[in-house]
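Colleague: What follows is a single structure, and I will ask about it in a moment.
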Amino acid sequence: MPSTPSDMKTIADIVARHDADPTRLVQILRDVQSTFRHIPAAVMDRLAAQLSIDRAQVQAVTEFYTFFSTEPRGRFDILISDSITDHMLGSREIAAYLCECLGVTPGQTRADGQVSVDFTSCTGMCEQGPAGLVNGYALTKLTRDRVERIVELVNDDTPVSQWPREFFAVKDNIHRADLVLGTKLQPGSALRWMFQRGLDSTLDEIAKSGLRGRGGAGFGTAMKWKFCREATGSAERFVVCNADEGEPGTFKDRVLLQSYAHQVFEGMTVCGAVIGARRGYLYLRGEYLYLHEPLNAVLAERRRAGLLGSNIIGRPDFEFDIEIRIGAGAYICGEESALIESMEGKRGVPRNRPPYPVTNGYLDQPTVVNNVETFAAAALIALKGGAWFSAAGTEKSKGTKILSIAGDCARPGIYEYPFGTTMAQILADCGGTGAMGLQIGGPSGIFIGAQEFERVLGFEDLPTGGSFMIFDQRRDVLEIVRNFTHFFAHESCGFCTPCRVGTSLLKNQLDKICAGHGGKADLAELKHISKLVRATSHCGLGQTAANPILSTLERFPEQYEQRLKAISFEPGFDLDGALEVARRMSGRDDAHAHLAQEA
Amino acid sequence: MTEHMLTIDGQRIPFTEGQTIIEAATAAGVYIPHLCHNPEFKPHGSCKLCTVKVNGRNCSACTFPAADGQEVLNNTQELNETRRTITQMLFIEGNHFCPSCEKSGNCQLQAVGYYLNMLDAHFPFFYPSREVDASHQEVMLDRDRCILCELCVRASRDVDGKNVFALSGRGINSHLIVNSTTGKLKDTDISVDDKAVHVCPVGAILIKRKGFEVPIGERIYDGQDIGQVSLEHEMPIVEEAEHGR
Ligand SMILES: Cc1cc2nc3c(=O)[nH]c(=O)nc-3n(C[C@H](O)[C@H](O)[C@H](O)COP(=O)(O)O)c2cc1C
Ligand code: SF4
Ligand code: SF4
Ligand code: FES
Ligand code: FES
């Protein structure tokens, strides 16, 4: 329990480092968590006082984000990525082996406080899994050998900073580059062109390019910037780059930030000039903590080069800077208004719309929120013009899209394609020809079967924020759906009834069917809840949470029916299983202590 | 000045600039079922009971702005079935033992259940383990019955200026917390006259030693349905706000 004067000094230092700014509460709690391995109650009081906010706010934020805890986690806090593609690479077996060697139970800190192991949502290392995190830093390619080394390092108390570098190696794995990944951008060149051309005509070029948001919804980028630029009565405008990349199976923003950071920041700066903003933020998902320092280094380099700060490329009228804010494990914070709430130091709960962020965003000011890839593309469009970009793609989907391909294929990784490319082509390129089905757009997207592989990439057919998962004949459709459904139940923010309760009901209902306890009525019920959750939820999370179920029920009904019992109704619980506690308490396990269930 | 107009189930409803759909409906005497909405407070939009179809799309009537020419569907079989399911969800995620609850008969959750012809809970109960806070001399908080509507949060913040309550946690683990070091009501400055103590639509916030003052059978929703009661109570509030606009 931190209560010593030196602990209190540590806390005061953390607060001071963040200028006692309450909007930085998530950042402050990240530092507290990493120092004390939890957020102790006494610290909550302290923070509330020093930041002049309610204690309840500190507690509420602590209890919202997965990476914060009120009970101490281990000095080595290990999280194993629990996405379906990690499973397919053996993550569950690896985690079991790790727990066995360390003598820990998942979710419980070892008695000596040294180590804890738990599972977490996709960490974005899908093509180099099984993946995990140790004290927030990404681990890739976990093998049994590595697990044994890790166990030694943990038991020897070797600081993570001294662990072998290769444990933390994150590769780009770019297999196909096109317009965005294949065009070299000299830092500053897009900004120079923009000023030569003029801000209005730069916005015109973005409009001509036909660029639509790459984060999922596909809203016209030029339109968004224009709305924000024209919003009246504001003190300030903001640019926010959405690097939350929480959709399982998506990892292309990670690669852009790792190897194309100048391009992304240049795109944000172009946006800042066009809309008249002086401050920009990059909201980086907590899982990408390892990128924080390198990104700050790029920002520093840009300041030195006169590409950020005041007097940018010698223009006294243009001032713009970028700050990085880091998340703490919450998929919902990728939703733009939840992201803004998180940036303001609150729980990541999506706001009511209207009003939209373009008029009432960060600190209630007009704000553009765009995906990482959108900014990377915008920088190049500012340099090369709209026609250069719109020459690729289809009528409704201009340009190219970066895919993160994972799952059953020979060459998983990053592939950039013009919109309009068929699934068959993509599968041929990455060596995924044995595919039985594809999950396009992550769990919130759709599952398609082999007879649909002539369909094309694009907003008019198969849209995706980047996630592209391949499944071959060995895979069980229901296991895939179950993984996704558990994901949504875990990530629902809990604001609205249909999503909060409905995602849990879907999870229970699917578990029941998969365990062989489901009847025909259960299938109808599954569909009924799915439709309701989709139709009435507050935000995109709830509205898409039933997609895995609905899209597979439509295409693979027999997979569900195979699991059903012959009867039409089956109780929601296992009668004999329910007696287990009583048996344990009474120390009995004889025949009379068991109940047979009629089936 | 031309009058603004939308339709609800085919009926023409006038509205003033800035009103939400539910405000326009209430002013015109049309009941839209709701729980987290209370016209005295800032619209919230979390329970989703007020879901209506606006030009074919589902919207929350309590937050969605009224606009000219909107065709709103409200009292349809489909929407009422949806609302019934949502009400069942609210029942099973908490612990509601109505026969032993002081709020029974005055409870909006129960009343909405009657109104929507809800005959059973339909889903398996979650039986969550939730804390009761009986620490305060006069005010009692039974989280078993909390439906997370945040009316007490809004009332305490916006009317009482005290910030006694907040929602914490995430997803199905969301829960109401009390803003004090101990997390107990006794260590807050809440008082029995606070607005926050009187807005809870269910039996989660109760005033102590007031149990069963009005006998069962003579309570608010024993004789009237919630549609009538709601309109009688809320119409004047909406009208006053309209004149203030
Ligand atoms: C649950 C949920 C999660 C989301 N996650 C992300 C994300 O991780 N990254 C992203 O760019 N957009 C995400 N979005 C979409 C954003 O709300 C927003 O539309 C996007 O950032 C806008 O940028 P764009 O127009 O450049 O795509 C998410 C949306 C929802 C509903
Ligand atoms: S709060 Fe309402 S629904 Fe809940 S137990 Fe009490 S009377 Fe029943
Ligand atoms: S205590 Fe009552 S008013 Fe407060 S959130 Fe719960 S149900 Fe709503
Ligand atoms: S909680 Fe996010 S959609 Fe309901
Ligand atoms: S009354 Fe509208 S969402 Fe609750």
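Colleague: Does A:Gly309 satisfy the criteria of being among the small types (Gly, Ala, Ser) and surrounded by fewer than 23 Cβ atoms within 10 Å (Cβ to Cβ)?
Modeller: yes
Colleague: Any chance you could count how many residues in the stretch B:123-147 are away from chain A (no Cβ under 14 Å), acidic (Asp, Glu) and either in contact with a Lys or Arg (Cβ under 6 Å, 6 or more places away or on another chain) or without any contact (Cβ under 8 Å) to a residue 40 or more places away in the chain (or both)?
Modeller: Residues meeting the conditions: 2.
Colleague: Filter the stretch A:315-341 for residues that are of a type outside the set (Phe, Trp, Tyr) and under 17 Å from A:Val274 (Cα atoms); which is surrounded by the most Cβ atoms within 10 Å (Cβ to Cβ)?
Modeller: The selected residue is A:Ile322.
Colleague: Out of (1) closer than 27 Å to B:Ile177 by Cα; (2) crowded, with 16+ Cβ neighbours inside 10 Å; (3) charged (D, E, K, R); (4) touching a residue at least 12 places away in the same chain (Cβ under 8 Å), the odd one out for A:Glu71 is which?
Modeller: Looking at each condition in turn, A:Glu71 falls short on (2).
Colleague: Right, next: Does the stretch A:224-243 contain at least one residue that is of a type outside the set (Phe, Trp, Tyr), away from ligand 5 (no atom under 16 Å from the Cβ), more than 14 Å from A:Val358 (Cα to Cα) and crowded, with 17+ Cβ neighbours inside 10 Å?
Modeller: yes
Colleague: Considering only residues that are farther than 25 Å from A:Arg325 by Cα and not in a helix (DSSP H, G or I), which ones fall in the stretch A:218-230?
Modeller: Selection gives A:Gly220 alone.
Colleague: Which of the residues that make up the stretch A:490-503 are part of a helix (DSSP H, G or I), under 20 Å from the mean Cα position of the chain (by Cα) and either more than 16 Å from ligand 5 (Cβ to nearest atom) or under 16 Å from A:Ile549 (Cβ atoms) (or both)?
Modeller: Once the filter is applied, which keeps residues that are part of a helix (DSSP H, G or I), under 20 Å from the mean Cα position of the chain (by Cα) and either more than 16 Å from ligand 5 (Cβ to nearest atom) or under 16 Å from A:Ile549 (Cβ atoms) (or both), the stretch A:490-503 yields A:His490, A:Glu491, A:Cys499, A:Thr503.
Colleague: Still on this structure: Filter the stretch B:132-152 down to the residues that are within 13 Å of ligand 2 (Cβ to nearest atom), closer than 12 Å to B:Val178 by Cα and surrounded by 24 or more Cβ atoms within 10 Å (Cβ to Cβ) and list them by number.
Modeller: B:Leu141
Colleague: Is there a residue in the stretch A:283-297 that is within 16 Å of ligand 4 (Cβ to nearest atom) and either under 24 Å from the mean Cα position of the chain (by Cα) or in a helix (DSSP H, G or I) (or both)?
Modeller: Scanning the stretch A:283-297 turns up no residue that is within 16 Å of ligand 4 (Cβ to nearest atom) and either under 24 Å from the mean Cα position of the chain (by Cα) or in a helix (DSSP H, G or I) (or both).
Results for (1) without any contact (Cβ under 8 Å) to a residue 24 or more places away in the chain; (2) more than 16 Å from ligand 3 (Cβ to nearest atom); (3) not in a loop (DSSP other than H, G, I, E, B), shown as yes or no for each residue.
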| residue | (1), (2), (3) |
| --- | --- |
| A:Ala328 | no, yes, no |
| A:Ser342 | no, yes, yes |
| A:Pro354 | yes, yes, no |
| A:Leu363 | no, yes, yes |
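Colleague: Give the residues of the stretch A:381-402 that are surrounded by fewer than 24 Cβ atoms within 10 Å (Cβ to Cβ) and within 15 Å of ligand 1 (Cβ to nearest atom), sorted by residue number.
Modeller: Matches in the stretch A:381-402: A:Ser397, A:Lys398.
Matching residues to (1) surrounded by 24 or more Cβ atoms within 10 Å (Cβ to Cβ); (2) more than 16 Å from ligand 1 (Cβ to nearest atom); (3) at negative phi:
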position	(1), (2), (3)
A:Asn483	no, yes, yes
A:Ala489	no, no, yes
A:Ser492	yes, no, yes
A:Cys499	yes, no, yes
A:Leu505	yes, yes, yes
A:Val533	yes, no, yes
A:His538	yes, no, yes
A:Thr544	no, no, yes
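Colleague: Whether any residue in the stretch B:201-214 is part of a loop (DSSP other than H, G, I, E, B), away from every other protein chain (no Cβ under 14 Å) and under 16 Å from the mean Cα position of the chain (by Cα) is what I want to check.
Modeller: Checked against the condition, which is being part of a loop (DSSP other than H, G, I, E, B), away from every other protein chain (no Cβ under 14 Å) and under 16 Å from the mean Cα position of the chain (by Cα), the stretch B:201-214 yields at least one hit.
Colleague: Just give me the residues in the stretch B:148-181 being of a type in the set (Val, Ile, Thr), at the interface with chain A (Cβ under 8 Å from one of its Cβ atoms) and outside any loop (DSSP other than H, G, I, E, B), in sequence order.
Modeller: In the first step, residues of the stretch B:148-181 are kept if they are of a type in the set (Val, Ile, Thr); the result is B:153, B:159, B:164, B:172, B:177-178, B:181.
After this cut, where a residue has to be at the interface with chain A (Cβ under 8 Å from one of its Cβ atoms) as well, the list is B:172, B:177-178, B:181.
Of everything in the stretch B:148-181, those that are of a type in the set (Val, Ile, Thr), at the interface with chain A (Cβ under 8 Å from one of its Cβ atoms) and outside any loop (DSSP other than H, G, I, E, B) turn out to be B:Ile172, B:Ile177, B:Val178.
The numbers here are math on the coordinates, done by the rules we state, and not lab data. Since this is a predicted model, take the numbers as computed values, not measurements. So basically every Cβ, Gly included, is an ideal-geometry build from the backbone, and we count neighbours across all protein chains shown.
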